[in-house]
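The values are calculated or read from the model by the stated rules, or taken from the named source; none is laboratory data. As the structure is a prediction and not an experimental result, all values here were calculated from the model. We place every Cβ from the backbone using ideal geometry, glycine too, and count neighbours over all the protein chains shown. Note: accessible area is taken over every heavy atom of the protein model, side chains too, but ligands, DNA and RNA are not part of it. Shrake-Rupley method; radii C 1.70, N 1.55, O 1.52, S 1.80 Å.
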Amino acid sequence: MTGTGPPMTTPSTGLRLFAREKRVRLTTYEPNGEPVGGPSPIAVEGDRAYVRTYGRAKRNGRLDRYPEVEIAPASLGGTPTGAPMKARARRLHGEESRHAAMLLARKQPLLQGVAVPLGYALMLDSTVHYELRLVGE
């Protein structure tokens, strides 16, 4: 498959542990500090990882209020299969968001390139992308 964007770069940090993962358990935090975790697709490029959620997800509000998260390798349902790592999330817009969408689609063409965006459109919702950078790197 040929892409129109720059080639994917080799992960250069602790995020390389997530480079082959299709999904992670992304844990966000309620205002009272209670953790809330669930599955999220992931794509890694260099020292950044990208995740996607839908526009009306409560997760977006938690991320906007408190961008510190934990990510861990996960099963299809979001059950952790490895140790978590602390990261900081940043909401993407415009070209950065399109770049994240392209990386996710390149990793899982049918699911993240077609099915998920189509599903969000049918729900009259939008996709929201976040950049993750490990804390301390």
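Points to keep in mind about this one:
Conditions tested, residue by residue: (1) under 13 Å from Tyr29 (Cα atoms); (2) modelled with pLDDT under 95.
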| residue | (1), (2) |
| --- | --- |
| Ala57 | no, yes |
| Glu68 | yes, no |
| Ala74 | no, yes |
| Gly77 | no, yes |
| Thr81 | no, yes |
| Ala89 | yes, no |
| Leu92 | no, no |
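Residues are listed down the side, and each one gets a yes or a no for (1) open to solvent by 50 Å² or more (accessible area, probe 1.4 Å); (2) on the phi < 0 side of the Ramachandran plot; (3) outside any helix (DSSP H, G or I); (4) hydrophobic (A, V, I, L, M, F, W, C):
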| position | (1), (2), (3), (4) |
| --- | --- |
| Ala89 | no, yes, yes, yes |
| Ser97 | no, yes, no, no |
| Leu104 | no, yes, no, yes |
| Tyr120 | no, yes, no, no |
| His129 | no, yes, yes, no |
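- Complete set of residues in the range 1-37 that are in contact with an Asp or Glu (Cβ under 8 Å, 6 or more places away or on another chain), at pLDDT below 90 and of a type in the set (Gly, Ala, Ser): Ser12, Gly14
- Considered as a group, the residues in the range 27-56 that are out of contact with any helix residue (DSSP H, G or I) (no Cβ under 9 Å at 6 or more places or on another chain) and touching a residue at least 24 places away in the same chain (Cβ under 8 Å) include one that is nearest to Arg106 (Cα to Cα), and that residue is Pro39.
- Where Ala72 falls short, out of the listed (1) in contact (Cβ under 8 Å) with a residue 12 or more places away in the chain; (2) open to solvent by 60 Å² or more (accessible area, probe 1.4 Å): (2)
- Inclusion of Gly78 among residues that are surrounded by 16 or more Cβ atoms within 10 Å (Cβ to Cβ) and at positive phi is warranted.
- Scanning the range 57-76 for residues that are closer than 15 Å to Ser126 by Cβ and assigned to a strand (DSSP E or B) yields a count of 0.
- Every residue from the range 14-56 that is assigned to a loop (DSSP other than H, G, I, E, B) and surrounded by 15 or more Cβ atoms within 10 Å (Cβ to Cβ): Ala19, Glu21, Lys22, Asp47
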